[in-house]
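Below is one structure, written out as structure tokens, with a few remarks after it.
Derivation of every value follows stated rules applied to the coordinates shown; laboratory data play no part. Since this is a predicted model, take the numbers as computed values, not measurements. We place every Cβ from the backbone using ideal geometry, glycine too, and count neighbours over all the protein chains shown.
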Amino acid sequence: MKKICCVLLALLPLTAFAYPIDVEKDLNGLKIDYNAYDTDKDIGSIQVNNYGDVDALCKVVFNNGPEAPRTRNIEVPAGKHKNATAKFTRTIIKLRVNLSCTAK
């Protein structure tokens, strides 16, 4: 029993803390895909991929509860991807991301 407890305690630092990320999207018919990441305990990021033939202008709003929302505007060329990140002063418990894109 002691060996099992020692093994579990030794593996404890290997477990990573991940917070849930909710993404609400408004893509206006564009061929856009995204990947949201929990970069650090107080940093969230999203990668926006444009699979269409038209350049896209995207607005990304990161919201972490009581803090002021962080807004990032990115231009994603056709066939390329861009990243947007936001750093907060508090530890993120749940991150809400609003992604809205329009054709350029």
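Remarks
- Residue in the stretch 72-87 that is nearest to residue 22 (Cα to Cα), counting only those that are surrounded by fewer than 19 Cβ atoms within 10 Å (Cβ to Cβ) and of a type outside the set (D, E, K, R): 85
- Count of the stretch 55-96 residues which are of a type outside the set (Lys, Arg) and assigned to a strand (DSSP E or B): 18
- The set of residues in the stretch 79-104 being touching a residue at least 60 places away in the same chain (Cβ under 8 Å), in contact with a Lys or Arg (Cβ under 8 Å, 6 or more places away or on another chain) and more than 26 Å from residue 29 (Cβ to Cβ) consists of 92 alone.
- The residue that is surrounded by the fewest Cβ atoms within 10 Å (Cβ to Cβ), counting only those in the stretch 32-54 that are assigned to a strand (DSSP E or B) and among the aromatic types (Phe, Trp, Tyr), is 37.
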